[in-house]
Amino acid sequence: MERDVLVVGESLIDIVHAADGSTREHAGGSAANVAVALARLGRPVRFVTAWADDERGRVLADHLDHAGVRLAADPHVLARTATAAATLGADGAASYEFDLEWRIGQVEAGAPAFVHLCSLGAVLEPGADQVVALVRALRETATVSYDVNARPAITGTGPDVVALVERAAGVADLVKASDEDLNGLYPDLGIAEAAAHLLTLGPAVVVVTRGADGATWVEAARTVEVASLPVDVADTIGAGDTFGAAVIDALWDRGPIAGLSSEAIAEILDHAARAAAVTVSRPGADPPYRSEL
């Protein structure tokens, strides 16, 4: 059986309200964006997600099928397809309001080389329990990555959310979090302290993204930093998702995380930064194809 990436998490329709007053809808969701980005980079991807048998669900199905993403579970387990109303500021940054419920159906897990869980799929019940159980069953033979990508507009904040994030971090080999994620989860800690705390939960690596200020790979005994690329920002939707997908893409042929040199780590982060720069340079969650990198 072909080794692949099993992505687990939410799909939804982004309803984007631009700064000029226009509105558009397109397929999105953090996990869906990761799955599409990996497929465009040429990696075999299967996806565990959920939507309804409605018009917006069909938009999602067509979007993923066109990208070459295969489904690993029947997604038709919701009463209505989720939406996220994204309002763009003048700088292209987005704020969100969600209409979403989350659960997954029966999964044909296979034997993936990588498992990626992210954002709402890892912390929104009742699906979060299902997701964590699935990942625990696969983590002995797969490299597990988890993108925090916190969404307090739907999950809220506070100790309960932190506990769910930490549960997901505890089943991962690599955790990705933005500086904004860490500030929201651990307001009394600095970014370095928050990353160090996540390491104590079990992952070997925490990757911290800082937007225009670059990214840092944090291990117990070393850190590696890279700068971001200068880019004219159309919007930031899907940038972090592309970054996470490109990290998996760069890890694919490099062997275990524990054996990476600092030079290899810098190459991984540079690759992810280049991919994210392409995404932010054009509207919507529109990740690059390998030929664009």
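The values are calculated or read from the model by the stated rules, or taken from the named source; none is laboratory data. All values reported here derive from a predicted model rather than from experimental measurement. Cβ placement follows ideal geometry from the backbone for every residue including glycine, while neighbour counts extend to all protein chains displayed. Areas reflect the complete protein model, heavy atoms only, side chains present, ligands, DNA and RNA absent. Shrake-Rupley method; radii C 1.70, N 1.55, O 1.52, S 1.80 Å.
So here's what we get for this one:
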item: Only listed residue being out of contact with any Leu (no Cβ under 6 Å at 6 or more places or on another chain), of a type in the set (A, V, I, L, M), open to solvent by 10 Å² or more (accessible area, probe 1.4 Å) and modelled with pLDDT of 95 or more, chosen from LEU134, LEU38, LEU64, LEU60; result: LEU134
item: Hits in region 204-215 - residues which are in contact with a Leu (Cβ under 8 Å, 6 or more places away or on another chain) and open to solvent by 10 Å² or more (accessible area, probe 1.4 Å); result: ALA204
item: Considering residues of region 150-198 that are in a loop (DSSP other than H, G, I, E, B) and surrounded by 15 or more Cβ atoms within 10 Å (Cβ to Cβ) only, the residue nearest to the chain's Cα centre (by Cα); result: ALA150
item: Scan of region 221-254 for residues that are of a type in the set (Val, Ile, Thr) and free of Cβ contacts under 8 Å to residues at least 60 places away in the same chain, ordered by number; result: THR223, VAL224, VAL226, VAL231
item: Given (1) surrounded by 20 or more Cβ atoms within 10 Å (Cβ to Cβ); (2) farther than 26 Å from ILE248 by Cα; (3) of a type in the set (S, T, N, Q); (4) modelled with pLDDT under 95, number of the condition SER119 does not satisfy; result: (2)
item: Which listed residue is without any contact (Cβ under 8 Å) to a residue 60 or more places away in the chain and farther than 15 Å from GLU10 by Cβ, from VAL148, VAL162; result: VAL162
item: Whichever residue in region 240-256 is open to solvent by 20 Å² or more (accessible area, probe 1.4 Å) and either in contact with a strand residue (DSSP E or B) (Cβ under 7 Å, 6 or more places away or on another chain) or of a type outside the set (Phe, Trp, Tyr) (or both) and, among such residues, is nearest to HIS116 (Cα to Cα); result: GLY240
item: Options GLU97, GLU101; residue that is under 27 Å from ASP232 (Cα atoms), in contact with a helix residue (DSSP H, G or I) (Cβ under 9 Å, 6 or more places away or on another chain) and open to solvent by 40 Å² or more (accessible area, probe 1.4 Å); result: GLU97
item: Residue within region 128-136 that is among the small types (Gly, Ala, Ser), free of Cβ contacts under 8 Å to residues at least 12 places away in the same chain and farther than 18 Å from GLY240 by Cβ present; result: yes
item: Enumeration of residues in region 23-34 that are open to solvent by less than 30 Å² (accessible area, probe 1.4 Å) and over 11 Å from ILE248 (Cα atoms); result: ALA27, GLY28, GLY29, SER30, ALA31, ALA32, ASN33
item: Residue count for region 67-86, restricted to those that are open to solvent by less than 10 Å² (accessible area, probe 1.4 Å) and of a type in the set (Ser, Thr, Tyr); result: 1
item: Residue tally, condition out of contact with any helix residue (DSSP H, G or I) (no Cβ under 6 Å at 6 or more places or on another chain), open to solvent by less than 40 Å² (accessible area, probe 1.4 Å) and part of a strand (DSSP E or B), over region 216-228; result: 1
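Residue-wise test of (1) of a type in the set (Lys, Arg); (2) farther than 26 Å from ARG24 by Cβ; (3) modelled with pLDDT under 95.
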residue: ALA215; (1), (2), (3): no, yes, no
residue: VAL233; (1), (2), (3): no, no, yes
residue: ILE237; (1), (2), (3): no, no, yes
residue: ASP241; (1), (2), (3): no, no, no
residue: ALA245; (1), (2), (3): no, no, no
residue: GLU267; (1), (2), (3): no, yes, no
residue: ALA285; (1), (2), (3): no, no, yes
